[in-house]
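Worksheet: one structure, shown below.
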Amino acid sequence: MDLIHIIYKYFRKKLDSNFEDSASVKENGEEQAKKSGNQDREYFQSYTDVGIHEEMLNDAVRTNAYRYAILKNYEKIRGKVVADVGAGTGILSVFCVQAGAKKVYAIEGSSLAEQTRLVVEENKMADRITVIQGKAEDVTLPEKVDVVVSEWMGYALFYESMLPSVLCIRDRWMKEDGIMLPSSAVLYIAPFSDEEISERIEVWGSMKDKYKVSMDCMKTYAKQCLSYGAHVRCICPEDVISHAYQLVNLDLNKVTVHEVTNIQRKFELSCFGSSRLSGFVLWFTVSFPGNVVLSTSPYSQATHWGQTLFYVEKEPEVKQDTVISGKLSLRPNQQKPRFLDVNINFQVDGGGVHQKYYYMSDNIT
């Protein structure tokens, strides 16, 4: 059933893509803006689902990292004004008050803001936390803030494109000597090998023995389906076949919106041992003042972000010291800016160039 579902999703994505490509020829700027606005509404609507917040709050690694970072930086927060961007249930705002914040503006774009107010009242903090419902780009704060806190990270760090909204608050409302929580973010890439995928592809070769119907021709198609978009799960450290390469290192006090919406980076990876290259895996870390680090590495405790996997169609053999060099580009999709277009070009030991496009949409598997 897994392969059937994947094939179905593949056709749906292809049809959606073809429709969007043909429609974009006819659209003017106003229609494009309307489409972007519709996606924003869908995005904020999705965050009214309690299941999303349940998943995030049950991620103890994530939530405790923020709690520890905020409380550890109490000297920078005590008596200060804070903006919590994308406040959700308001837990980060509550942490900031516990750290001594004088005032917190909890900015939430979805109608969940009504529940955020109830959480604030339940914790008897209504005099210090003001919930503001609206897009970060549109809200007006009563005053400048000393601290901007946000849990903005998506799969592969940039999925959902929330960071530009955080930077908008920073640029418009944070004081010159203000601080960002987190203060930096790093994105890594590494090659990986996945024996289970080979087994799933070989299922098509077993149809002749099972049902006396040969389906070897489906193997190529099944591999194309698997390598169309991104996959999110936690992989075993032993499946990573080289040291990670640092693609992006963001200073969140200085980075610009353009820099985070136009990622283009070269990479070079040196393999260890003999294996097969199944694809590339991305993960990230974010750091807070005081040396507090939240990591989504396969070598760290698992989080709800897992790691983001991009499979290649042809799996080249690699051995000790095989060099994989290439370039990754990552941009918001023009039609749906909350989604991502990912391009990975690579060579194995200077051989032919492999090029692959991936579409990161809400159909992530």
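Accessible area of the chain with a 1.4 Å probe: how many percent of it is carbon plus sulfur?
Solvent-exposed carbon and sulfur of the chain make up 49 percent of the total.
So which of 175/327; 124/175; 72/102; 76/175; 76/144 end up more than 25 Å apart by C-alpha?
Pairs exceeding 25 Å: 175/327; 124/175.
Given the peptides 169-176, 156-163, arrange them by the average over their residues of other C-beta atoms within 10 Å, most packed first.
Ranked by mean Cβ neighbours within 10 Å, highest first: 156-163, 169-176.
Taking Cα pairs under 8 Å and at least six residues apart, what relative contact order does the chain come out at, in percent?
The normalised contact order for the chain reaches 17 percent.
Determine by what factor the alpha-carbon radius of gyration of the chain differs from 2.2 N^0.38 Å, reporting the quotient.
Output field value: 1.08.
Would you list the P(r) distribution for region 217-282, with all Cα-Cα distances sorted into 5 Å bins from 0 and each bin expressed as a whole %?
Cα pair-distance distribution for region 217-282, in percent: 3, 11, 17, 16, 19, 16, 10, 5, 2, 1, 0.
Quick check: residue separation of residue 208 and residue 276 times 0.36 nm, minus the Cα distance between them. What number comes out in nm?
The residue 208-residue 276 span can extend by a further 21.8 nm.
How big is the dipole moment of region 43-150 about its Cα centre under a simple scheme where the beta carbon of each Lys and Arg is +1, that of each Asp and Glu is -1, and everything else is neutral? Debye, nearest 20, please.
600 debye
The values are calculated or read from the model by the stated rules, or taken from the named source; none is laboratory data. No experiment lies behind these values; they were computed from the predicted model shown. Neighbour counts are summed over all protein chains in view; Cβ atoms, including those assigned to glycine, are modelled from backbone coordinates with ideal geometry. Heads up: the accessible areas ignore ligands, DNA and RNA and are worked out on the full protein's heavy atoms, side chains in. Shrake-Rupley method; radii C 1.70, N 1.55, O 1.52, S 1.80 Å.
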